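Report on the structure given below.
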Amino acid sequence: AAAPTAASILKKARNTIQAIPYGGRCTPSGPHPVTLVTVDSLGFASARTVVPREIAGNLTSFRLNTRSTTRKVAEIQGNSKVSLNFQDHRGPGGWLTVKGNAKLSGVKRDGTVDIVVVPVSLSVVNFNEGDTVGCEPAMLMLGPQLLK
């Protein structure tokens, strides 16, 4: 089989995200819950479910929002490398992992900050999108040229 193209990987990644319901609804515009993984000061992974406020159509950024006093903010201040994991629970299932660098906005009047994740890589497997058991995840490395 031919190697997947960047366009086909991005399409599969978007379809995986769009399949995830929230609050009893599932629409292309979202929201779609995701697991945010950060690293604490002892080097252990911390995972929590969050709901992105905005996902760029070309998947070049994911904007989250949280209170400025949360552990996730402190952990990102210590190590900006994060992962986002989307799980498609339809039928045979699928997943998308986004690895990237998180940037924090300044504290807003309401005491919150935006967390903007800029992806470095995507890896996706989705059996609802034609993948088969035992297949390797489709991976896409995102360089600066793709983030413009």
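Data overview
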item	result
Residues of region 30-82 that turn out to be free of Cβ contacts under 8 Å to residues at least 40 places away in the same chain, farther than 14 Å from L104 by Cα and polar (S, T, N, Q), as a count	3
Residue list for region 1-17, filter: out of contact with any helix residue (DSSP H, G or I) (no Cβ under 9 Å at 6 or more places or on another chain) and either modelled with pLDDT under 90 or basic (K, R) (or both)	A1, A2, A3, R14
Looking only at region 71-127, and only at residues there that are among the hydroxyl-bearing types (S, T, Y) and assigned to a loop (DSSP other than H, G, I, E, B), the one that is surrounded by the fewest Cβ atoms within 10 Å (Cβ to Cβ)	S105
Pairs, first within 14 Å of I17 (Cα to Cα) in region 124-135, second assigned to a loop (DSSP other than H, G, I, E, B) and among the small types (G, A, S), C-beta under 9 Å, six or more apart	V125/G93; N126/A19; N126/G93; F127/G91; F127/G93; N128/A19; N128/G91; N128/G93
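The values are calculated or read from the model by the stated rules, or taken from the named source; none is laboratory data. Everything quoted here is computed from the prediction, not taken from an experiment. Here the Cβ is made from the backbone with ideal geometry for all residues, glycine too, and neighbour counts use every protein chain on show.
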